[in-house]
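S.K.: Sharing a structure here in structure tokens format.
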Amino acid sequence: MRTMRGRGLLIAFEGVDGTGKTTQLARLADFLKGMGCEVVATREPTDGEYGRRIRALYLDRGRCTPEEELELFIRDRRQHVRDCIEPALAAGRIVLTDRYYFSTAAYQGAAGCDPDQVFAANSFAPEPDLVLLLTMEPKQSLARIRELRGEQLNDFEQLDQLRRVARLFASFSREYIRRIDASAPLDAVQAEIRQAVLELMDRKGYRCGT
């Protein structure tokens, strides 16, 4: 018989591009599954209709205004919340999302939108239980993208832009934000992430397994 856990947990990975969010999320998901947790690993932008339109902007961001871009992110998130996040939380699962509305506030804020208005426009989205904000000097994160991934920088990954994004991330002050130095070795970063998540589970009385 399955133990009744009540509502699940929502954990968001945030930070500028190149900080290792995707890698660290996957490692945390494996760790939690090994504990017997039911985990939903997801990302934004999604692979849905609006998410695909956002990804098309990576190569030509100038094809729409900042306000139009923001609207695409909000529509994508509405679908994400409705179809993925809320059902998983209602089923008692742990949801790990690679980016959430903090990224929208930071990136669209850096493009000229008011971050406070961005947060207000996302009031429909469930508040996360924990935000793991991976921090790194943007110059170093871009070097990772170029050298480790062997990728060309897209329109969201320009140095001046990421510096503005990093300053906005640094200005966010929610009590559930845990800042983690992503320039540390991968294993050390993962250890700090796991500690933060285990502390959250303990505070919430969340138990995995059957």
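The values are calculated or read from the model by the stated rules, or taken from the named source; none is laboratory data. These numbers were taken from a predicted model, which means no experiment stands behind them. For neighbour counting, all protein chains shown are included, and Cβ atoms are generated from backbone atoms with ideal geometry for every residue, glycine included.
This table checks each residue for (1) at pLDDT below 95; (2) of a type in the set (A, V, I, L, M, F, W, C); (3) at negative phi; (4) not in a loop (DSSP other than H, G, I, E, B).
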| residue | (1), (2), (3), (4) |
| --- | --- |
| Gly62 | yes, no, yes, yes |
| Glu67 | yes, no, yes, yes |
| Arg77 | no, no, yes, yes |
| Asp83 | no, no, yes, yes |
| Ala88 | no, yes, yes, yes |
| Thr104 | no, no, yes, yes |
| Gln108 | yes, no, yes, yes |
| Gln117 | no, no, yes, yes |
| Phe124 | no, yes, yes, no |
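S.K.: Within segment 141-160, identify whether any single residue is modelled with pLDDT of 90 or more and over 30 Å from Gly6 (Cβ atoms), and answer yes or no. Don't jump to the end; show me each part of the working.
M.R.: Keep residues of segment 141-160 that are modelled with pLDDT of 90 or more, which gives none.
For segment 141-160, residues modelled with pLDDT of 90 or more and over 30 Å from Gly6 (Cβ atoms): absent.
S.K.: Could you please find all residues in segment 64-90 being polar (S, T, N, Q) and within 15 Å of the chain's Cα centre (by Cα)?
M.R.: Passing the criteria: none in range.
S.K.: Can you find even one residue in segment 34-49 that is part of a helix (DSSP H, G or I), among the charged types (D, E, K, R) and free of Cβ contacts under 8 Å to residues at least 40 places away in the same chain? Lay out the reasoning, then the answer.
M.R.: Just the residues of segment 34-49 that are part of a helix (DSSP H, G or I), to begin with: 34, 49.
Of the ones still in play, those that are also among the charged types (D, E, K, R) are 49.
Narrowing further to those that are free of Cβ contacts under 8 Å to residues at least 40 places away in the same chain: 49.
Looking for residues that are part of a helix (DSSP H, G or I), among the charged types (D, E, K, R) and free of Cβ contacts under 8 Å to residues at least 40 places away in the same chain, one finds at least one in segment 34-49, hence yes.
S.K.: While we're here: Tally up the residues in segment 7-28 that are in a helix (DSSP H, G or I) and either touching a helix residue (DSSP H, G or I) at 6+ places or on another chain (Cβ under 8 Å) or buried (at least 17 other Cβ atoms within 10 Å of the Cβ) (or both), please.
M.R.: Adding up the residues that qualify gives 6.
S.K.: For the list (1) surrounded by 12 or more Cβ atoms within 10 Å (Cβ to Cβ); (2) assigned to a helix (DSSP H, G or I), I need the number of the one condition that Arg203 fails.
M.R.: The single condition Arg203 does not satisfy is (1).
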